[in-house]
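So the structure is just underneath, and the comments pick up after that.
Coordinate-derived values only; no laboratory data. Since this is a predicted model, take the numbers as computed values, not measurements. Positions of Cβ are generated from backbone atoms using ideal geometry, with glycine treated the same way; all protein chains shown enter the neighbour counts.
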Amino acid sequence: MTIIQVIDTFTFYGLDVIALAAATCILVQIAKITLFKKRRKQALTFLPFIVGSLLYAGYAALLHLSFKFVADNYVEVIEHGFSVGALSTVIYVWYEQFMRGKKSVSATEGVIATLIDGYVPDEQTESIATRIAQAIERDVTGDGAKKIADILSENHPEEVTEKDIKMLSRLIIETLAHISIN
């Protein structure tokens, strides 16, 4: 069996995204420990999505033996990369909940808590994640990002800007949508 046949098998069953998400988790944790040890936590929120997209782009180039494929199909590559980042975030939340013993009521709250870490005071992360999850669950208007932004605006440190809050609220909505779909 050649390496291309192995990759095709992974792709057929969707295992490529799972394997890339696991690799993304490992790389992000190594980056947190080494490169970003003294950085604000907010900078790390988008790291799984960036690393996931880069890993998927490399994987797609290897799979099709061409960087031209990545350039021609960049939307598909970014979409799959975002899925890798979202799954990586879920894997990290599962790790935090089951291996390290963090108490979080649901997987949704765990994902939200991971994403808002550093954007709200540490002692309030879980309670704000619960409020956000409840607001999204009760939302029937489809304006969940605004409700999230309102909750975050009430509870953010001064170094977090309104632009950061808007981006984070959209990221939470998109991540939860990808998790629900995938």
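Full-extension gain between E154 and D122, please, as 0.36 nm times their residue separation minus the C-alpha to C-alpha distance.
Computed gain between E154 and D122 is 10.1 nm.
Give me the net charge for the shell around E137: Cβ to Cβ below 13 angstrom, other residues only, Lys and Arg +1, Asp and Glu -1.
+1
Based on the Kirkwood radius over alpha-carbon pairs, what value in µm²/s does the Stokes-Einstein equation return for the translational diffusion coefficient of segment 115-182 at 37 °C and 0.692 mPa s? Display every interim value, and only then the final one.
Values: Rh = 12.1 Å.
Using the Kirkwood radius from Cα pairs, D works out to 272 µm²/s.
In segment 70-169, what GluC sites (Glu not before Pro) fall in a loop by DSSP, with at most 12 other Cβ atoms inside 10 Å? Display every interim value, and only then the final one.
Values: sites: E76, E79, E96, E109, E123, E126, E137, E154, E158, E159, E162; in loops: E158, E159.
Listed in order of number, the matching sites are E158, E159.
Across segment 133-148, in residue order, what do the Karplus-derived ³J(HN,Hα) couplings come to in whole Hz, using 6.51 cos²θ - 1.76 cosθ + 1.60 with θ = phi - 60° and x for Gly and Pro?
4, 5, 5, 5, 5, 7, 5, 10, 8, x, 10, x, 4, 5, 5, 5
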